[in-house]
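Below is one structure, written out as structure tokens; the observations come after it.
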Amino acid sequence: MVRNRRRWMPIVLLAAGSLALAGCGGGNKNSNPASGGSTQVEVFSWWTGGGEAKGLEAMVADFKAKHPTIAFQNAAVAGGSGTNAKAVLASRLQAQQPPDSFQGHAGAELLDYIKAGQLETLDSFYDQNQLRSVFPQQLVDQITFEGHVYSVPVNIHRSNVLWYSPKVLTEAGISAPPGSIAEFIADLQQVKQKTKKIPLSLGAQWTADHLWESVMLADLGPDGWNALWKSGADWSGANVTKALQDYAEILKYTNAEAASTDWQLAAKDVVDGKAAFNIMGDWAAGYFKELGKAPDTDYKWAASPGTDGVYMWLSDSFTLPKGAKHRDAAVEWLKECASKQGQDLFNPQKGSIPARKDADTSLYKDYLAWALQQWQADKLAGSFWHGVTANNQWHTDIDTAVGLFLRSKDVGKFQSALVSAAQNDAQ
Ligand code: GAL
């Protein structure tokens, strides 16, 4: 893959230092495959559900084949986008009982752990395993702080995807997916009038946060969106008001948000022909594959309305926490995550494209072939909900504002809450 033409817009957070600096500050004493005698490794993620667990299993199977003497302990905590897992992780880190490796998003989310002194640097790990050049430099910048690199990215996910049911669209008399927010609203109305199907399926509250970032991106554009996450940014402008009004309008066409319904069930409504549209990250592609659903027949996809040409990205990465009990085995796990083989086993199942530049592109079909193409051509915007642009506190404050808005539908109060959150939490 050629990625050197990338324009990375959201790099506001991590100080990209000299990557030539090696071996400072953390020290990886042992990257020997003998794994220093560790007989187990505990890996923490939130990949338990449809599509997600399968991807992890594929990589774990490869790890086990290479390390038959290391017992793999899967410490995954259920809940899409880590809603439960992050709380469990925070208390374990607080109690200095870290797992041997945990999932963390590249960008601001990772920076929280780094600043709290919870992670070892991986400088010598990167050098010893010749990883400096296998990931796009701009992605490495998002996992680098003050010249030290802190995690191993396994993938690139896309947040702004519109999944739709061609059958329901035909039934509603819609011939092409909406290209703008105005068209989207008109289509939602048409589905409501002409069919008995759900116009836009939604699940737990976090899926409403997820929807919000796509609507904001459409109305602000990538430059406007990325600018919001810089210190001192103005959230009180008319462009934000317009986006929140559009968001309020779009929400009128969703099924009642149900805390017990995670993203899988909301996405499944589309492939089961019960809903016309769902806006969800491309982990949905992994789930649809697992369900045995056929692309083009059971579902189609497009950039979420008004965001064509922009890749709202996020990246899952794995870390080496300070105080990991089975540190040597954790280093072996990180090698698996970093490897071409591991990434090419994981990503086609997970519904993501590889973080590595040298992956075997022939393995990425249907939606993923499209994603690889878009990744090369699109402008980039960082996902807020999935850890790129906002630290954990800001993330929580916006989530609280979204939760209140879902009940009140008061755009003015919502915007004020967003302004305050930016003032209080901007990094
Ligand atoms: C994201 C994560 C993805 C996927 C998704 C849904 O935050 O990066 O890998 O797991 O949540 O759970």
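The values are calculated or read from the model by the stated rules, or taken from the named source; none is laboratory data. These numbers were taken from a predicted model, which means no experiment stands behind them. With ideal geometry, Cβ positions are generated from the backbone for all residues, glycine too; neighbour counts draw on all protein chains shown. Surface accessibility is based on the protein's heavy atoms, side chains included, excluding ligands, DNA and RNA. Shrake-Rupley method; radii C 1.70, N 1.55, O 1.52, S 1.80 Å.
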ask   = In sequence order, what are the phi-derived ³J(HN,Hα) couplings for the range 229-237 according to the Karplus relation 6.51 cos²θ - 1.76 cosθ + 1.60 with θ = phi - 60°, rounded to whole Hz, with x for glycine and proline?
value = 9, 8, 4, x, 5, 9, 9, 9, x
remark   = What helix-only [θ] at 222 nm does the chain give? Using -39500 (n - 2.57) per DSSP H run of at least 4, over all residues, to the nearest 500, the answer is -13500 deg cm²/dmol
remark   = Taking protein heavy atoms only, a 1.4 Å probe, and rounding to whole percent, the accessible area of the chain owed to carbon and sulfur comes out at 50 percent
task = Find the relative contact order for the chain and round it to a whole percent, using C-alpha pairs within less than 8 Å whose residues are 6+ positions apart.
result = 30 percent
key: Cleavage-rule hits, GluC sites (Glu not before Pro), the range 156-242, DSSP coil, Cβ neighbours within 10 Å at most 10   = none
Within straight-line cross-link reach of LYS335, aspartates and glutamates at Cα separation under 13 Å, skipping those fewer than 8 residues along the same chain = ASP62, ASP127
task = Would you mind checking LYS192/LYS409; LYS350/LYS409; LYS167/LYS357; LYS192/LYS413 for any pair whose Cα atoms are more than 32 angstrom apart?
result = LYS350/LYS409; LYS167/LYS357
key: Count of Lys pairs (Cα-Cα under 25 Å; at least 8 positions apart or interchain) in the range 210-322   = 12
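Scan the chain and hand back the longest stretch that contains none of the trypsin sites (Lys or Arg not before Pro) lying in DSSP loops with at most 10 other Cβ atoms within 10 Å.
It works out to 197-427.
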key: Hz values of 3J(HN,Hα) by residue in the range 290-295 - Karplus curve (6.51, -1.76, 1.60), Gly and Pro given as x   = 4, 6, x, 7, 9, x
task = Would you mind telling me the antiparallel percentage of the DSSP bridges in the chain, rounded to 5?
result = 60 percent
key: Cα-Cα P(r), the chain, percent of pairs per 20 Å interval   = 28, 58, 14, 0
note = Under 5 Å from the placed amide H of TYR311, counting only residues 5+ away or on other chains, we find LYS379, LEU380, ALA381
request  = Go through the range 211-227 residue by residue and turn each phi into a ³J(HN,Hα) via Karplus (6.51, -1.76, 1.60, θ = phi - 60°); whole Hz please, and just put x for glycine and proline.
outcome  = 4, 4, 5, 5, 5, 4, 4, 4, 7, 9, x, x, 5, x, 5, 4, 5
request  = Would you work out which of ILE398, GLN137, LEU372 lies farthest towards the positive end of the dipole of the chain? Charges go on Cβ: Lys and Arg +1, Asp and Glu -1.
outcome  = LEU372
message = Under 5 Å between amide hydrogens, which residues at least 5 positions from GLN40 or on another chain qualify, with H placed 1.01 Å from N in the peptide plane?
response = ALA71
request  = Mind putting a number on the dipole of the chain about its Cα centre? Charges go on the C-beta only, +1 for Lys and Arg and -1 for Asp and Glu, and I need it in Debye to the nearest 20.
outcome  = 320 debye
Surface per residue (accessible, 1.4 Å probe) for the chain, Å² = 36 Å²
